[in-house]
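A quick write-up on the structure given underneath.
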Amino acid sequence: MTVTATDPTPVSEAPKSSGTRLVDRVLRMRELAILAVFLVMIVITQLGNSEFLSEQGIKDLLLNATILVIVATGQSLVVMTRNVDLSVGSTLGISAFATGTYLQGGGNPLVAVLLAVLTGVGFGLLNGLLVSLGQVPALVVTLGTLYIIRGIDSIWVGSRQITAADLPGGFVGFGSGGVSAVPWLALIALAVLVATAYYLEHFGGGRELYALGSDPEAARLAGIPVRKRILAVYTFCGALAGLAGALYLARFGNVDSGTGNGYELTVVSAVVVGGVVFTGGSGSVYGAALGALLLTSVNSVLPALGVSSVWVLAINGVLLILAIAVDRIVALRVARTLEKLKKRSARRG
Amino acid sequence: MTHPSDTGPAPVLALRDVSKSFGAVRALRDVSLELFPGEVHALAGENGAGKSTLIKTLAGVHRPDAGQVLLDGEPTVFHGPADARDAGIAVIYQEPTLFPDLSIAENIYMGRQPKRALGRIDHKATYAATLELMRRLGVGLDPGRPARGLSIADQQIVEIAKALSFDARVLVMDEPTAALTGSEVARLFGVVRTLRDQGAAVLFISHRLEEIFEICRRVTTLRDGAFVSSEPLAGMTEDDLVRRMVGRDLAELYPKQEVEAGAVALSVRRLTREGVFTDVSFEVRRGEIVGLAGLVGAGRTEVARAVFGIDRWDAGEVEVDGKALTNGAPSTAMAAGLALVPEDRRAQGLVMDMSIERNIGLTGLRTTVKAGLMDRGAERSRSLDWAVKLQVKYARIADTVSTLSGGNQQKVVLAKWLATGPKVLIVDEPTRGIDVGTKAEVHRLLSQLAADGVAVLMISSDLPEILGMADRVLVMHEGRVTAAIPRADATEETVMAAATGRAAA
């Protein structure tokens, strides 16, 4: 079927690619804006405290962000599909303890990490099955699994605790080591981040996640395997939460039944600050990672400036609301610009 | 004209004695349909006749309970939309199914993107292929632009481009023209004719009978889920077709009563909302129906919203019965006796998950209150009263509105506002997407309201409706009223001339 000659009355002779450039610019702007806020904050802190950006200082900034970046990467995929996974904190906690228990018995560190990831995969699958098959809102389902996993963790762990002394030295050394100012853990997070971003941008399965979040009904009609994708996304998110558990153990060397408690809210904040919109279909993992970096840096910046760390939570809250406000304003502006483009082209037609 | 199967090619796609039920509702009963290459086939029927279910069966969304789907004469089972698509069936739904956040190119190629090594998407090739599709369709849409904010007409072009992109042999179009202006319909028909001439089979659904006669060769009619007939259109009249759809003779479609206009009820003076509409002045008298015509985007809906107080205006004034309305206050507009039946009944007119009773009751929350509490009995009797007056077809008044057909939903919106006893009624596209039977009822109702002394302002893109129902026609173009034409002088030509900004002849 080839159409060559049709009614030559183009109703909407849109100016070439002005729409594209606009949207690209907005999206890039969103990530650049977080980066700018981050850099301003760092510069101000450095001016106030010249010790701040020492080699150890930079290393701490990166180390603090690492675990959040990994979990936020998984979470942003879930949020893109108009869902949410509140159980990531519990998954992180139980994976960390499982890894610790295994290593305590003299296990191989690589197998230990794999074990953590598999634990996460298991709980991710559970979430995915409940959300995709049960047709129950993700918020409720994962709130349920948050408590279930935490409950299992508490029963299993009891009042036990794993400390750095129980772990192989190499494992803990890896957790705090690195190439000059760049920790190994940050390199792992970066690898995960870049691979995920590449998949989202360049593979059909990745693009389908955006489609799915943008309009679930249209996705179904376009033949996208909606349930399969949602299952996969939750599994991936769980796997990253599990991996984060192992890295948490390596970094802090200290795990008990409360590990990761309330972490899901920090993760969701990072994702939202990073511009992944809760209504699905847009945002990027790079944005989420920048959001994570920004939120964790507040923790280091305040003490460096001599401000009490009791302010951290309040400041994170303000950043969150600011981010949402900015998104809203940008969305309104884009809508208005598109409207103008349409009017202009209609007039020309 | 002989039946094509006697001489011509075999049907590409056919349904044979297909039935489909949803719970106790039998949506389709023993329906047969044959689509031939190079032919546009109409599917006619009132709302609720089973057209949508039939389309979804062709699209692989529903699987028939009984009967067969035949592809090139072979019985086939579609396990999902992807199967139907792979078989070369493209469906353009009434509600566009695009991904607003993704680009036009991605929308077209979602799930079938051209690939590079290692299964990676070739974004450049996707873009180029889309550009080529746009060129073939003769439109200047930028493939990289997001689907968000596209007009309905452009969204349909994207859907057609999608169909082209996988060389669809069957194109199913569910009311593609419902929201289009005249020139957009002409463009769409140009594209459809080209596809037809190149051998595609097209199934076309429209409530506008003149369109069916313009572009289709044969018609299959459904009524209440059952097959009525499948026959050539040549030699049929609109009345014949309506009789098959409705099952009875339809009283006049535009039953306009002549009413002596009374005092001015609604007066709008020099109303301006910056960048939206400018210097809009008009009056509507008691007993009058004033039609507000114009192209989509001319600012008609926006004027109605401002008059009712949903949006603020920047300059000018609005009076109901000589009393000025407050800027941006729907509650005072309602108290003054103004009612607005909005264009988009799903999003603005109804709470879809609430019962019929409660939807109608919403506007009466202040009157059906006793000692600060809702009087449920009063609400029910008030709602029942109006539902009966408007002949809404429902099982129980406590059923949710979402279970009703489009025409009946529209009646519920009307009932909701008529229950307030308005002096001035503004209706925005009152019959869009509803069947002829209900359309005639809505028209009779509007005419009766005018006869009872209500001032009616009717916004409509349906030109015959404007010409058939209005005492006077106001025409808007790019935010200004460009003409006020009395009934005697209003013709398609005079109205279109003003609507497109050409000087009135």
Of (1) of a type in the set (A, V, I, L, M, F, W, C); (2) part of a helix (DSSP H, G or I); (3) at the interface with another protein chain (Cβ under 10 Å from one of its Cβ atoms), A:VAL277 satisfies all except one. Which? (2)
Can you find a residue in region A:71-89 that is more than 25 Å from A:VAL255 (Cα to Cα) and of a type in the set (Lys, Arg)? yes
Anything in region B:58-86 that is within 13 Å of chain A (Cβ to nearest Cβ), buried (at least 19 other Cβ atoms within 10 Å of the Cβ) and not in a helix (DSSP H, G or I)? List them, or say none. B:ALA59, B:GLY60, B:HIS62, B:PHE78
Exactly one condition in (1) more than 30 Å from B:LEU271 (Cβ to Cβ); (2) assigned to a loop (DSSP other than H, G, I, E, B); (3) modelled with pLDDT of 85 or more; (4) not hydrophobic (A, V, I, L, M, F, W, C) is not met by B:TYR394; state its number. (3)
Hits in region B:467-489 (condition: under 13 Å from B:GLY291 (Cα atoms) and surrounded by fewer than 23 Cβ atoms within 10 Å (Cβ to Cβ)): B:LEU467, B:GLY468, B:ASP471, B:ARG472, B:ALA483, B:ALA484, B:ILE485, B:PRO486, B:ARG487
Would you pick out the residues in region B:42-57 that are within 14 Å of chain A (Cβ to nearest Cβ) and either of a type outside the set (S, T, N, Q) or closer than 18 Å to B:ILE108 by Cβ (or both)? B:ILE55, B:LYS56
Within region B:367-391, can you find the residues that are under 31 Å from the mean Cα position of the chain (by Cα) and assigned to a loop (DSSP other than H, G, I, E, B)? B:LEU390, B:GLN391
Conditions (1) over 27 Å from B:VAL12 (Cα atoms); (2) more than 10 Å from chain A (Cβ to nearest Cβ); (3) among the β-branched types (Val, Ile, Thr) -> B:VAL185 fails only (1)
Within 30 Å of B:GLU478 (Cα to Cα) and at pLDDT below 85: which single residue out of A:VAL330, A:VAL326 fits that description? A:VAL330
Is there any pair linking a residue in region B:1-18 that is within 30 Å of B:ASP65 (Cβ to Cβ) to one that is at pLDDT below 60, with Cβ under 9 Å and at least six apart or on different chains, and which? B:PRO11/B:PRO4; B:PRO11/B:SER5
Looking only at region B:454-480, which residues are over 25 Å from B:LEU271 (Cα atoms) and of a type in the set (Gly, Ala, Ser)? B:GLY468
If you check B:LEU141 against the conditions, is it free of Cβ contacts under 8 Å to residues at least 40 places away in the same chain and either buried (at least 23 other Cβ atoms within 10 Å of the Cβ) or within 27 Å of the chain's Cα centre (by Cα) (or both)? yes
Tell me yes or no: at least one residue of region B:236-249 is in contact (Cβ under 8 Å) with a residue 12 or more places away in the chain and more than 21 Å from B:LEU54 (Cβ to Cβ). yes
Filter region B:144-175 down to the residues that are facing chain A (nearest Cβ under 8 Å) and in contact with a strand residue (DSSP E or B) (Cβ under 9 Å, 6 or more places away or on another chain), then identify the one that is modelled with the highest pLDDT. B:ARG169
Looking at A:VAL226, is it surrounded by 24 or more Cβ atoms within 10 Å (Cβ to Cβ) and either closer than 11 Å to A:SER95 by Cα or in contact (Cβ under 8 Å) with a residue 60 or more places away in the chain (or both)? no
Restricting to region B:276-298, what's the tally of residues that are part of a loop (DSSP other than H, G, I, E, B), surrounded by fewer than 24 Cβ atoms within 10 Å (Cβ to Cβ) and in contact with a strand residue (DSSP E or B) (Cβ under 8 Å, 6 or more places away or on another chain)? 4
Give the residues of region B:88-125 that are without any contact (Cβ under 8 Å) to a residue 60 or more places away in the chain, surrounded by fewer than 21 Cβ atoms within 10 Å (Cβ to Cβ) and either more than 7 Å from every other protein chain (Cβ to nearest Cβ) or hydrophobic (A, V, I, L, M, F, W, C) (or both), sorted by residue number. B:GLU95, B:ARG112, B:PRO114, B:LYS115, B:ARG116, B:ALA117, B:LEU118, B:ILE121, B:ASP122, B:HIS123, B:LYS124, B:ALA125
Scan B:ALA483, B:ALA497 and give me the residue that is farther than 29 Å from B:ALA44 by Cβ, assigned to a helix (DSSP H, G or I), of a type in the set (A, V, I, L, M) and in contact with a strand residue (DSSP E or B) (Cβ under 9 Å, 6 or more places away or on another chain). B:ALA497
Within region B:129-143, which residues are of a type in the set (Gly, Ala, Ser) and either farther than 14 Å from B:ASN107 by Cα or at the interface with chain A (Cβ under 7 Å from one of its Cβ atoms) (or both)? B:GLY138, B:GLY140
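Residue-wise test of (1) over 21 Å from the mean Cα position of the chain (by Cα); (2) more than 24 Å from B:ALA153 (Cα to Cα).
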| residue | (1), (2) |
| --- | --- |
| B:LEU188 | no, no |
| B:LEU195 | yes, no |
| B:VAL202 | no, no |
| B:HIS207 | no, no |
| B:VAL219 | no, yes |
| B:ASP224 | no, yes |
| B:ASP239 | yes, yes |
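The values are calculated or read from the model by the stated rules, or taken from the named source; none is laboratory data. Keep in mind that this is a model prediction, so the values were computed, not measured. Note that we place each Cβ from the backbone using ideal geometry, even for glycine, and neighbour counts take in every protein chain shown.
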